[in-house]
Amino acid sequence: MKIILAQSRHIDVVAEIFCLAFENSITFFTPMTHKVKNAIRDVFDLLYRVFGQGFFIAVQNNQVCGYIVMADDIKRLWLQAVTSGFLKKAAVSTIRGEYGLTLPTLYKIVQNKLLYFGFEMTTKPSAQVLSIAVHPRRQGEGIGQKLLSKGIKYIESLGGSRIKLEARPKNTAAVKIYEKYGFRTVGETKDLQGKWLIMVREKE
């Protein structure tokens, strides 16, 4: 098992792992279709362009089985989304039906993101575990822990001492792993799907 930096050629499989690992969250908003997967792929392409040095994958036998995206400064994501034309392209693609999203679905997604922005505005600036997932067939093998350890070391190599993430309270397995790596629950937030625990790791 190797943890290495992702390359652009890995984006498709990373997006597929995301879709498999978070299928219930995606289908809360919209049926899983090829068009929806294309939209998710475009989002991961943006994340790669912004946080490429903090975008790691787990590889075994030349197969990608998990990933983690570490955001050292989330503001860079929103800035790049605007200045690169990503938001304009996404809006045009949505209007043209290329992402397979209806207006009610788009409204729910935007509403969800506004709730997330509220969380961002009320918490201390930190590096973030922006996204982490392991292929469902490979879960329980410790891959997520190896990815998390790599992500933490990356942020610390930049001089960062505070990392935050969000976890669903009912995802007790993930919460226990985060606690093992020094994350502590400091509050709660919520979106349309329910509560999130706000967890923070601070290096002394």
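Just so you know, all these numbers are worked out from the coordinates, no wet-lab data involved. All figures in this text were calculated on a predicted structure; none of them were measured in a lab. Cβ sites come from the backbone with ideal geometry, for glycine too, and all protein chains shown count toward neighbours.
With θ taken as phi - 60° and the Karplus curve 6.51 cos²θ - 1.76 cosθ + 1.60 applied, the whole-hertz 3J(HN,Hα) list for segment 86-102 is 4, 5, 5, 4, 5, 5, 5, 4, 5, 4, 6, x, 6, 9, x, 9, 7 Hz, x standing for glycine and proline. Overall form of segment 1-57: prolate. Here a/c, set by the Cα gyration tensor axes a ≥ b ≥ c, is 1.5 or more, and a/b is the larger of a/b and b/c. Under 5 Å from the amide H of Ala127 lie the amide H atoms of Arg162, Lys164, each residue being 5 or more positions distant or on a separate chain, with H modelled from the backbone and absent for Pro and chain starts.
Amide H contacts of Asp191 (H built 1.01 Å from N, in plane; Pro and chain starts excluded): Trp196 sit under 5 Å, all sequence-distant by 5 or more or on other chains.
How many angstrom lie between the C-alpha centres of segment 7-55 and segment 135-189? One Cα centre to the other: 19 Å. For segment 145-162, backbone phi angles converted through the Karplus equation (6.51, -1.76, 1.60; θ = phi - 60°) give residue-by-residue couplings of 5, 5, 5, 4, 4, 5, x, 5, 4, 4, 4, 5, 5, 8, x, x, 10, 10 Hz, Gly and Pro being listed as x.
Counting only DSSP H runs of at least 4 residues, each contributing -39500 (n - 2.57), and dividing by the residue count of the chain, the helix-based mean residue ellipticity at 222 nm comes to -15000 deg cm²/dmol. Sequence-ordered 3J(HN,Hα) estimates for segment 169-178 from the Karplus curve with 6.51, -1.76 and 1.60 and θ = phi - 60° stand at x, 7, 8, 4, 4, 5, 4, 5, 5, 4 Hz, glycine and proline given as x.
In a simple Cβ point-charge model (Lys, Arg +1; Asp, Glu -1; nothing else charged), the chain has a dipole of about 80 debye relative to its Cα centre.
Once the mean of 1/r is taken over each pair of separate Cα atoms and inverted, the chain shows a Kirkwood hydrodynamic radius of 17.6 Å. In straight-distance terms, cross-link reach from Lys203 covers every one of the aspartates and glutamates whose alpha-carbon lies under 12 Å from its own, apart from those fewer than eight places away in the same chain; here that gives Glu156. What aspartates and glutamates could a cross-link reach from Lys37, if we take a straight Cα to Cα line under 20 Å and drop same-chain neighbours fewer than 8 places away? Here the aspartates and glutamates satisfying the reach criterion relative to Lys37 are Asp12, Glu16, Glu23, Asp45, Glu98. Within the straight-line cut-off of under 23 Å between alpha carbons, the lysines reachable from Lys35 are Lys88, Lys89, Lys108, Lys113, sequence neighbours fewer than 8 places apart in one chain being disregarded. So, R0 is 41 Å and r is the distance between the beta-carbons of Asn62 and Leu192; what FRET efficiency does that work out to, to 0.05? It comes to 0.60.
Taking amide hydrogens as placed 1.01 Å from N in the peptide plane, the amide H of Gly66 sits under 5 Å from those of Ala58, His135, each at least 5 positions away in sequence or on another chain.
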